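Okay, so here's the structure we're looking at.
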Amino acid sequence: MGKNVVEVEQKLLKVVPAEFKVDVHHWLILHGRYICVAQKPMCGSCIIEDLCEYKDKTE
């Protein structure tokens, strides 16, 4: 998604609607903690699976 945290932040700010900007960081943390976990991602339970750029890692 980006080469560093600033680049990632800038890209996210462009696509996240204003009304969600306050909460989106919590949602991303929770998504990584409970759905897209490093050892065993739960892609079948992921509501944004169709947007995933890393499908080859889990299939």
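The values are calculated or read from the model by the stated rules, or taken from the named source; none is laboratory data. If you're wondering where the values come from, they're calculated on a predicted model, not measured in any experiment. Please note: Cβ atoms are built from the backbone with ideal geometry, for glycine as well, and neighbour counts cover all protein chains shown.
Conditions tested, residue by residue: (1) more than 15 Å from Y54 (Cβ to Cβ); (2) modelled with pLDDT under 95; (3) not small (G, A, S).
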| site | (1), (2), (3) |
| --- | --- |
| K3 | yes, yes, yes |
| V8 | no, yes, yes |
| V15 | yes, yes, yes |
| D23 | yes, no, yes |
| H26 | yes, no, yes |
| Y34 | yes, yes, yes |
| V37 | no, yes, yes |
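May I ask you to verify whether G44 is at pLDDT below 90 and not aliphatic (A, V, I, L, M)?
Values: at pLDDT below 90: yes; not aliphatic (A, V, I, L, M): yes.
Answer is yes for this residue.
Sort out which residues of the stretch 4-19 are part of a helix (DSSP H, G or I) and either within 14 Å of the chain's Cα centre (by Cα) or touching a residue at least 60 places away in the same chain (Cβ under 8 Å) (or both), and write them in order of number. Quick ask: steps written out before the conclusion?
Here is the first cut: in the stretch 4-19, the ones part of a helix (DSSP H, G or I) are 5-15, 18-19.
Scanning the stretch 4-19 gives V5, V8, E9, K11, L12, L13, V15.
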